[in-house]
Amino acid sequence: MDAETSSAAPTHFDRRLPLPQQVYADLRRRIVALELQPDAPLSRIELSEHYQISQTPLREALLKLSEEGLVATFPQSRTEVRRIDVAQVVEAHFLRTAIEIEVVTRLAENTEKVRLSAAESTHDQLVKSWAREHSIEVFSKLDRQFHHDLFAAAGMSNLIQLIDSRCGQLDRMRRLHLQSSQDGKPDKVVKDHQSVLDAVNAGDVAGAQRAMRGHLAGTIGRLDDLRANFPDYFC
């Protein structure tokens, strides 16, 4: 981790907001983005220097990451990024599929389609940004925002934090799939999003459910391939 941690640009925090939450969010982002890879040691001294904070907020941030299964702490020894836990991936996929299918069901049954404007705008940004720069970082951010917009449109914004807190391992595997994709994964995501929007706007409940289920099955369907190609990433 020494090189990986120090190579990242220093993070400037808003001192008006809780430091532990901001440190947690940035470390989580780096872990999910695979900037901090599985088995990477996390030196508390170096992290404190990097973030220019004391040990207390850092300890709180690492505890939360540990609760999510993203880091492992060995008392009196070390802290390191955990490998991707397949059991947690499968459970997270089950949870996310169940909830997001209900979200699109509610949206397809609702005649006030104007509420989809945020999701449609995000999807448009995703399409244009991918065509322009092919940035995995931007693509992942907009993909995540698209799903958040659907939750908000369905009046289920409070569930976003629950989903995020349980899907860290799944998000890492999705990022690995995107970064190593040779099967047109980003282009499929774009088409899947459009299929969801088209079905919802048409009031096609079964179509919306089918589109969302197929969309979310993309990465989990490549689990065996990803484990075979990147054995050091999984436990």
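Tabulated values for the structure
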quantity	calculated
Gaussian network model of the chain, Cα within-10 Å springs - most flexible of ASN110, ASN201, ASN158	ASN158
Region 44-56 - phi-based ³J(HN,Hα) in whole Hz, Karplus 6.51/-1.76/1.60, Gly and Pro as x	5, 5, 5, 5, 4, 5, 4, 8, 6, 9, 7, 5, 5
Folded to 0 to 90 degrees: helix 19-32 orientation relative to the chain principal axis, Cα	70 degrees
Structure-derived P(r) over Cα pairs in 10 Å bins from 0, in percent - corresponding label in (1) 8, 33, 35, 19, 4, 0; (2) 8, 33, 39, 18, 3, 0; (3) 7, 30, 33, 22, 7, 1	(3)
Karplus 3J(HN,Hα) series, Hz, for region 79-90 with 6.51 cos²θ - 1.76 cosθ + 1.60 (x for Gly, Pro)	10, 8, 6, 6, 6, 6, 8, 4, 4, 5, 4, 5
With DNA, RNA and ligands ignored, accessible area of ARG115 (1.4 Å probe; Å², nearest 10)	90 Å²
Distant-in-sequence amide H partners of ARG78 (H built 1.01 Å from N, under 5 Å)	none
Accessible surface of SER77 - all protein chains present, 1.4 Å probe, nearest 10 Å²	80 Å²
Inter-centroid distance (Cα atoms) of region 98-154 relative to region 158-235, Å	13 Å
Backbone HN-Hα couplings from phi across region 227-235 [Karplus 6.51/-1.76/1.60, Hz, Gly and Pro as x]	5, 6, 7, 10, x, 6, 8, 10, 10
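The values are calculated or read from the model by the stated rules, or taken from the named source; none is laboratory data. Computed from a predicted structure; not experimentally measured. Heads up: the accessible areas ignore ligands, DNA and RNA and are worked out on the full protein's heavy atoms, side chains in. Shrake-Rupley method; radii C 1.70, N 1.55, O 1.52, S 1.80 Å.
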